[in-house]
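The values are calculated or read from the model by the stated rules, or taken from the named source; none is laboratory data. Fair warning: this is a prediction, and the values are worked out from it, not measured in the lab. A quick note on method: Cβ atoms are made from the backbone with ideal geometry, for glycine too, and the neighbour counts reach across all protein chains shown. For accessibility, only protein heavy atoms count, side chains too; no ligands or nucleic acids. Shrake-Rupley method; radii C 1.70, N 1.55, O 1.52, S 1.80 Å.
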Amino acid sequence: MQSKAIVSERPLRAPRLDGMFKIRALQDYIVYIVFAAVFVYFAIMIGDSGFLTVRNMFNIARTTAMIVVMATAMTFVIGAGELDLSVGSTAALSALVCALVMQAGYGWGFAVAAALGAGLVVGCLNGFFVTVVGIPSFLVTLGMMQFIRGFDMRVTYTNPISISNTTFNSLFGSGSLWGIPSLLFWSVIVAALGHVVLRYTSFGRQILATGGNRLAAEYSGVKTRRIKFLAFLLTAAAAALAGLLYSGMMQTARYNFGEGAELMVIAAVILGGTSLFGGRATIIGTFTGALMIGTINNGLIIMGLDVSEQMMISGAIIILAVAFARKRNS
């Protein structure tokens, strides 16, 4: 018996690739579009209240600098498919180490080196437990965040430690060059270095290969565990630098520096276009995401919203960022 071929009378339709490409392109640039929309909204609503002044623009740059520094390094960790929740407490630890060393009579250069060293120790511990012991990075860095915060409180008894070294405070916080705040220089320099490393070096390509497909990367010769270990070192060093910027700006060191900053840092990275699941990352997007968060916080303060309302809106931003990341990856 001869079987009949079933032929559809309707012509086959080609996939709507053009539409898909347009949607993907829109998703890639959404952070810039939203940032522009947020800025225009605040300019219209509170432009007369000082939002558009040069002084306020520099104020946004100063308060965002620490988030930019930590988010730049966090882009590497998330690009490698991991997460670091200990950056805020590491920043507080480095600030306290720097202040205590200077209080002991050492120069600011030695104090900065000691603070960066403390941060690298945290990075080594995070990297060891994640890449050698095999514990998920979320759990390791969550525990490390709690441990360091408690350690800081124990050492200082929650008392602030003042920093009177004018050279340090000027270089890392309150100083300026040609009228431009030193904090803005730090954030731009770190973001520019991060962009070059991620986009134009083999280390950057290996980060994305590790996060995109770890097994395929290993078959290609990439030592993925070493790459992840280096990424944790990078975030710890950046967090230590952020701690120096916190202490330089405030001219003191406190155990609660960077409290809650880890969520803002992750939100800036995800809003900027980096995949939460690794394999895709952009430093320019991260920089823009951090500026957008800083602009929103600044605008809400000028509008007179209290801390609780600011926290609610910040939480909503994080939820939307994660939801958008999942939609983009699907």
Selection count, the range 233-277, where residues are surrounded by fewer than 24 Cβ atoms within 10 Å (Cβ to Cβ) and either of a type in the set (Gly, Ala, Ser) or at positive phi (or both): 5
Test: residue in the range 200-208 that is assigned to a helix (DSSP H, G or I), within 30 Å of Ile319 (Cβ to Cβ), of a type in the set (A, V, I, L, M, F, W, C) and open to solvent by 30 Å² or more (accessible area, probe 1.4 Å): yes
Qualifying positions in the range 126-150 - under 23 Å from Leu263 (Cβ atoms), in a helix (DSSP H, G or I) and touching a helix residue (DSSP H, G or I) at 6+ places or on another chain (Cβ under 7 Å): Asn126, Gly127, Phe129, Val130, Ser137, Val140, Thr141, Met144, Met145, Ile148, Arg149
Among (1) over 30 Å from Ala80 (Cα atoms); (2) modelled with pLDDT under 90; (3) out of contact with any Gly (no Cβ under 8 Å at 6 or more places or on another chain), the one test that Thr252 misses: (2)
Only listed residue being modelled with pLDDT under 90 and more than 22 Å from Leu93 (Cβ to Cβ), chosen from Gly278, Gly285: Gly278
Total residues in the range 151-174, condition within 13 Å of Tyr246 (Cα to Cα) and either of a type in the set (A, V, I, L, M) or in a loop (DSSP other than H, G, I, E, B) (or both): 4
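Any residue at all in the range 193-213 that's within 28 Å of Ala99 (Cβ to Cβ) and aliphatic (A, V, I, L, M)?
Yes: the range 193-213 contains one or more residues that are within 28 Å of Ala99 (Cβ to Cβ) and aliphatic (A, V, I, L, M).
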Meets criteria (open to solvent by 10 Å² or more (accessible area, probe 1.4 Å) and on the phi > 0 side of the Ramachandran plot) for Gln310: no
Hey, Leu230 within 30 Å of Leu184 (Cβ to Cβ) and not β-branched (Val, Ile, Thr) or not: yes
